[in-house]
Each structure stands twice: as C-alpha cells, then as structure tokens.
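This report refers to the structure that appears directly beneath it.
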C-alpha cells in the first residue's frame, strides 16, 4: 500500500524513484511519480524518459514543442533525443522553407502539420518514409 499523503520528492529524486518503482512494479508509486516527472523534465528529457518507460503520449507533444521553440537544440538535448530526433526537428523546422515559402515569418510548419508529421514518424518506428 502506498500512501499519497507523502511530502513531494525533490526533482533530483523523482526520476531515480520512478526507476525503482518501475523495476519493482509498484504501480501506485509509479502513478504518483509520473505527473511529478512530467513537471520537472524538459522536453528532450521527456522524450528520453518516454522511450525508456514506454510513455508514448509524451513523445509527440514534446517533439512539437522542440520544433516550435526559438532556441536551437543544445548538445545535451541532441544526445538525449538521438540523431533521428534531431533530423526530425531539422526537417520540420525547414519544412516550410523547403516548400518554397521563404518569408521570414513562415519558417516553421504549423503545430498541426508538425504533429501530423511527427505522428507518422513515430508510427513508422522513428523512421522517415518518403
């Protein structure tokens, strides 16, 4: 039995605690820690976490946010999401300009178009299909 009347763990403890809860099949603790992990992880970390623990519903929204933010990926984020993920983000960020739209205000696909493209990519096993 897991009591939810516990002090909230610090960010540095949430992921290790989740790993242990997952390893020992403590479903209640895992369910308690999942939203806390979602709050403390950045988008690249969410993608890595989601892949490790099969949390599919985090992958597409995290990629959409990474595609549409203004900052470039840093080295650590690129390592976390892998080469295929970096290529996906690059492809989506350049998508509109590759289709002949070179206006400065129209460099990105819309969020809906990005989400559709990312969903196809995930459904194809994280592979590009032309």
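Figures for the structure shown
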read-out: For residue 5: the one exception among (1) in a helix (DSSP H, G or I); (2) over 19 Å from residue 116 (Cα atoms); value: (1)
read-out: Helices (runs of 4 or more DSSP H) contained entirely in region 12-88, each with at least 3 residues that are within 22 Å of residue 124 (Cα to Cα) and at pLDDT 95 or above; value: 43-53, 56-68
read-out: Residues that are buried (at least 18 other Cβ atoms within 10 Å of the Cβ) and either within 9 Å of the chain's Cα centre (by Cα) or in contact (Cβ under 8 Å) with a residue 24 or more places away in the chain (or both), drawn from region 16-35; value: 18, 29, 32, 33
read-out: Of all residues in region 37-85 being in contact (Cβ under 8 Å) with a residue 60 or more places away in the chain and crowded, with 17+ Cβ neighbours inside 10 Å, the one that is farthest from residue 9 (Cα to Cα); value: 60
read-out: Subset tally (residues that are exposed (fewer than 10 other Cβ atoms within 10 Å of the Cβ), modelled with pLDDT under 80 and either assigned to a loop (DSSP other than H, G, I, E, B) or touching a strand residue (DSSP E or B) at 6+ places or on another chain (Cβ under 6 Å) (or both)) for region 98-126; value: 2
read-out: Residue check for residue 92: at pLDDT below 95, surrounded by 13 or more Cβ atoms within 10 Å (Cβ to Cβ), assigned to a helix (DSSP H, G or I) and in contact with a helix residue (DSSP H, G or I) (Cβ under 7 Å, 6 or more places away or on another chain); value: yes
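The values are calculated or read from the model by the stated rules, or taken from the named source; none is laboratory data. Being a predicted model, the structure only gives us computed values, none of them experimental. Don't worry about glycine lacking a Cβ; one is built from the backbone with ideal geometry, like all the others, and counts go over all protein chains shown.
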